[in-house]
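Everything on this sheet refers to the single structure shown next.
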């Protein structure tokens, strides 16, 4: 299928596992894609196998001027913009443990995470939408998270930022829908990436008890959903948050324990 034939897209955080999978999928569907990342080497590594259909762009999601420059660079290179996938996030492993509770989190960590995970998404929309309007409309897909709809023991800033992304998406959809700009968010649960295996040993086994599918999702699963929402075939879907998490939020919280009890009773 070539569902994105003739479309021009930006994928932020494009050098990472999910971002690079989205870029590959979009190019395979006919799009030209700017792969934007804080780390230029990662952006180039993701873009080079895709040839002339991809452009590596270094940008800093914490810097408003850098976000504007990313959009303008893409438009100057490819001639327009139809799709924005806001996917960048604060990924510094040294700072993750500091994103803890309301009492313990340093204010500067709270501010940095919301700047990168939420403000940057708004700024991406701010600068992308005028170019989309010139081409008759467009689609924005924002990466949120299941952490944005349910509480947890830590990562209060991350969860709050992702809740903001979900609401931001609804506002963009509402304010620009009649001008043919759609905006949705996708909320991954645990997705198997190299970063997960390296930074959170044991987490996979804990989470697996609570998902309903036999296997975890992969970056390619996220890419399939993002590409569908970017394509015209999803033209009647906007303002939605779609969880892609193996059913992790669709059941009662005691599901895993009850399932184990039933299996023990039957054995």
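Please treat every number below as a calculation from the coordinates, not as lab data. Just so it is clear, the structure is predicted and the values come from calculations on it, not from any experiment. Here the Cβ positions follow ideal geometry from the backbone for every residue, glycine too, while neighbour counts run over all protein chains shown.
Points worth noting:
- Cα long-axis angle, helix 219-230 against the chain (0 to 90 degrees, to the nearest 10): 50 degrees
- Label-point separation in nm, residue 265 to residue 154, each point 7 Å along Cα→Cβ: 3.6 nm
- Computing FRET efficiency as 1/(1 + (r/R0)^6) for residue 91 and residue 178, where r is the C-beta to C-beta distance and R0 is 35 Å, gives about 0.45.
- C-alpha long axis of helix 64-78 to longest principal axis of the chain, angle in °: 60 degrees
- With Cα atoms, 0 to 90° folded angle of helix 255-266 axis to the chain main axis: 40 degrees
- Equivalent ellipsoid semi-axes, the range 143-244, via Cα gyration tensor eigenvalues times 5, rooted, Å: 27, 17, 10
- The chain, relative contact order [Cα under 8 Å, separation at least 6], %: 18 percent
- Pairwise FRET efficiency - residue 104 versus residue 133, Cβ, R0 = 41 Å, nearest 0.05: 0.40
- If you run the Gaussian network model on the chain, springs between alpha carbon atoms under 10 Å, then out of 72, 240, 48 the most flexible one is 48.
- Using the rule -39500 (n - 2.57) for each DSSP H run of four or more residues, divided by the residues of the chain, the 222 nm mean residue ellipticity is -13000 deg cm²/dmol.
- Diffusion of the range 91-198 by Stokes-Einstein, at 37 °C in a medium of 0.692 mPa s and with Rh set to the Kirkwood radius over alpha-carbon pairs, works out to 219 µm²/s.
- Gyration tensor verdict on the range 8-266 (Cα atoms; rounded if a/c is under 1.5, prolate if a/b is larger than b/c, oblate otherwise): prolate
- Gyration tensor verdict on the range 1-130 (Cα atoms; rounded if a/c is under 1.5, prolate if a/b is larger than b/c, oblate otherwise): prolate
- Counting only Cα atoms, the range 105-150 measures 44, 23, 9 Å along its principal axes, largest extent leading.
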